[in-house]
1. Could you give the angle, 0 to 90 degrees to the nearest 10, between helix 51-61's Cα long axis and the longest principal axis of the Cα atoms of the chain?
2. Apply 1/(1 + (r/R0)^6) to the Cβ-Cβ distance of Cys46 and Glu66, taking R0 = 25 Å, and write down the FRET efficiency to the nearest 0.05.
3. Remind me, relative contact order of segment 12-58 in percent, using alpha carbon pairs under 8 angstrom and six or more residues apart?
Amino acid sequence: SPSERAKKVEDMMKKLWGDRYFDPATGKFSKSATSPDGKKLPRTFCQLILDPIFKVFDAIMNFKKEEAAKL
């Protein structure tokens, strides 16, 4: 239902901002900057939003056609 989707979006927005981290190995969000195995984690916003934008920008600006097509 639309209200359930709105709740999911609201929850995700809270996880994107501030000192929140996503560990791709476990698939979980955390308030700790280090994973259980001691690896340093980037902030959720950087990992899920900024890094993909930077990858697309780099591929286009450096004429990496094959890489840009994958993105």
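Here, each number is a calculation from the coordinates, and none is a lab measurement. Fair warning: this is a prediction, and the values are worked out from it, not measured in the lab. Quick reminder, even Gly has a Cβ in these numbers, built from the backbone with ideal geometry, and neighbours come from all protein chains shown.
1. 10
2. Numbers: r = 25 Å, r/R0 = 1.01.
Computed FRET efficiency for Cys46 and Glu66: 0.50.
3. Working: 48 pairs, mean separation 15.4, N = 47.
Once divided by the residue count of segment 12-58, the mean separation gives 33 percent.
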